[in-house]
Amino acid sequence: MKLLNGAKNIIDPSCGILIDITNSKQMINDFANAIIKLYENPKLRIEMGNNARKKVEENFLWEKRGRMMQKYYEMIISR
């Protein structure tokens, strides 16, 4: 699916379902189908939820982002 917003940079098939936002009617259908798919497949829903949580913990927690930024600043200053 084609996606024109930033979600594609953080969501992949392991942790979410990307929805094309360029066609409003198709978007509504795709969103409904995604909800139905997750409703009908609890195992997939749990797996995606766990993967999303892991992705957030590994990449988007403030503590981790802060350490990463500190590392970059120290690298720049040491040059």
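We did not get these values from a lab; they are worked out from the coordinates using the rules stated. What you see is a predicted model; the values in this text were computed from it and never measured. Cβ placement follows ideal geometry from the backbone for every residue including glycine, while neighbour counts extend to all protein chains displayed.
Some observations on this one:
- Computed from Cα positions, the angle between helix 42-59 and the longest principal axis of the chain comes to roughly 20 degrees.
- Alpha-carbon geometry of the chain: the Rg and the Dmax are 17.3, 55 Å, given in that order.
- Whichever lysines have a C-alpha closer than 19 Å to that of K54, once near sequence neighbours (fewer than 8 apart) are set aside: K8, K43, K64
- Rounded to 0.05, the FRET efficiency of the M75 and N50 pair, given R0 = 25 Å and the Cβ-Cβ distance, is 0.15.
- Whichever lysines have a C-alpha closer than 19 Å to that of K37, once near sequence neighbours (fewer than 8 apart) are set aside: K25
- Principal-axis analysis of the Cα atoms of the chain puts helix 62-77 at an angle of about 40° to the longest axis.
- The angle between the Cα long axis of helix 24-40 and the main principal axis of the chain comes to about 90°, on a 0 to 90 degree scale.
- CD proxy at 222 nm, helix term only [per DSSP H run n ≥ 4: -39500 (n - 2.57); per residue of the chain; nearest 500]: -21500 deg cm²/dmol
- With the simple spin-label model, which puts each label point 7 Å out from Cα in the Cβ direction, the M27 to K43 separation comes to 3.4 nm.
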